[in-house]
Ligand code: S3P
């Protein structure tokens, strides 16, 4: 859906305590993978708790275009009747992945070892993002890709007719690249090996095993070595999608900084490859407890009890933690703006190729709100202050996490904070505004 034709300006104002239960949506990463693995399986996959955000709906549409039967039965309840590994049909239209880098990169991988051709496009944000990071390894399997300058979408991928297995060392810490290679490896004979020097989110590995693939993971001096045996028969599964820790981050951080707050966020994934923000918040002195730890859908989950945490202190996040909190730096920099001292975020240059250049977007937005920021290629430093002045309208740059981060900042700033366009929030967290409002926040569409 290349939506967002009509911008939705939004404003957040200082508010009283946030209280109550925040039912955040299903995990975006796992939702994409459930649909794609379901489509590559034999038989039926049943999904509960699927994120019904635009990104995932675009992936559902794409899976239909490749021949799977994808059906919605109720809120978050979906089924996929798959075509099996190597069974993708050639789509007869361009595949529009909207705003979703995960969607397009994983789907390119999933079709790259099947002898079909597909053309991919997206919205203005996605069409700026680098695809060479996936098409380079996919060419090693025998696939070909032609896109715009700099490896940008729109792009046509011709799947390999006689794919060969690949051994690939990830040059960037990216779960999307890792996943694209593993999904391509599914239809290559023999063993496909991915080496990741830095661990990234491991949902693809967990789920491939769950769907019946032979996949091993070894920790070596070179990094994590993932070995997949090609051409398995994947069998449809039941997938209970846990709630997204990256979406939970917004109400959690809001409750940490809004005086008097006390909220419960149930059923959030605590996958260690996604946990960096929570580790960091605890180091800063946040009052968060992880209650009722359990396993759901193959992932560790817990209920998060979060209280207002006066006396937060700035910290330094080390580069080796960056991958486990890569989507959370925008909201962390909002918490950093109200902590004592400075917060130094290191090893964050991947933020420059997200839905927007998130280092630049946060730096400019925070500065407009009166916060002192230092920016280097690979580092973001935010100087905390007792009260952020606010009073600015910030560009969200087609980036849901930039929009939501500033809607949290406005809840504690002296003057309201606005974003020019909150429409992208619907890509990952369609109910953000009513959920925050129900907790007591004053977040609303601006009226002119
Ligand atoms: C994701 C991987 C990360 C992350 C994105 C989701 C995934 O991207 O930022 O939101 O589901 O694999 P990179 O692989 O580009 O780091």
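Just so you know, all these numbers are worked out from the coordinates, no wet-lab data involved. Since we're looking at a predicted model, the values are computed, not measured. Don't worry about glycine lacking a Cβ; one is built from the backbone with ideal geometry, like all the others, and counts go over all protein chains shown.
The figures follow:
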quantity: Alpha-carbon Rg with Dmax, taken over the stretch 218-295, Å; calculated: 17.5, 55
quantity: At q = 0.10, 0.14, 0.18 Å⁻¹, base-10 log of I(q)/I(0) for the stretch 183-321 (Debye sum, equal scatterers on each alpha carbon); calculated: -0.45, -0.77, -1.04
quantity: Mean residue ellipticity (222 nm) of the chain, computed from DSSP H runs ≥ 4 via -39,500 (n - 2.57), nearest 500; calculated: -8000 deg cm²/dmol
quantity: More than 26 angstrom apart: percent of Cα pairs within the stretch 274-405; calculated: 23 percent
quantity: Degrees separating the helix 101-111 axis from the principal Cα axis of the chain, which is the longest one; calculated: 10 degrees
quantity: Likely footprinting exposure, 263, 36, fewest C-beta neighbours within 10 Å first; calculated: 263, 36
quantity: Taking the chain and dividing mean pair separation by its residue count, relative contact order in percent (alpha carbons under 8 Å, at least six apart); calculated: 20 percent
quantity: Cα convex hull volume per residue for the stretch 289-331 (Å³); calculated: 119 Å³
quantity: Crossing angle, helix 400-409 versus the chain [Cα axis fit, 0-90 degrees, rounded to tens]; calculated: 20 degrees
quantity: Rg/Rh for the stretch 95-216, where both radii come from Cα atoms and Rh is the Kirkwood radius; calculated: 0.95
quantity: Mean projected area in nm² (Cα convex hull; one quarter of hull surface) for the stretch 314-360; calculated: 3.0 nm²
quantity: 10 Å binning of all Cα-Cα separations within the stretch 102-169, expressed as whole percents from 0 upward; calculated: 23, 57, 19, 1
quantity: Ordering of 48-61, 175-188, 277-290 by burial proxy (mean other Cβ atoms within 10 Å per residue, highest first); calculated: 175-188, 48-61, 277-290
quantity: On Cα atoms only, tilt of 245-257 relative to the major axis of the chain in degrees; calculated: 10 degrees
quantity: Hull volume in cubic angstrom per residue (convex hull over the Cα atoms of the stretch 5-68); calculated: 105 Å³
quantity: Rotationally averaged projected area of the chain (alpha carbon convex hull; nm²); calculated: 18.9 nm²
quantity: Largest-first principal axis extents, alpha carbons of the stretch 9-113, Å; calculated: 55, 27, 18
quantity: Relative pair counts by distance (%), Cα atoms of the stretch 354-448, 5 Å bins; calculated: 3, 14, 24, 24, 20, 11, 3, 1
quantity: Percent of beta bridges antiparallel (DSSP, the chain, rounded to nearest 5); calculated: 75 percent
quantity: Debye log10 I(q)/I(0) for the stretch 164-260, one point scatterer per Cα, at q = 0.11, 0.12, 0.18, 0.22 Å⁻¹; calculated: -0.42, -0.48, -0.84, -1.09
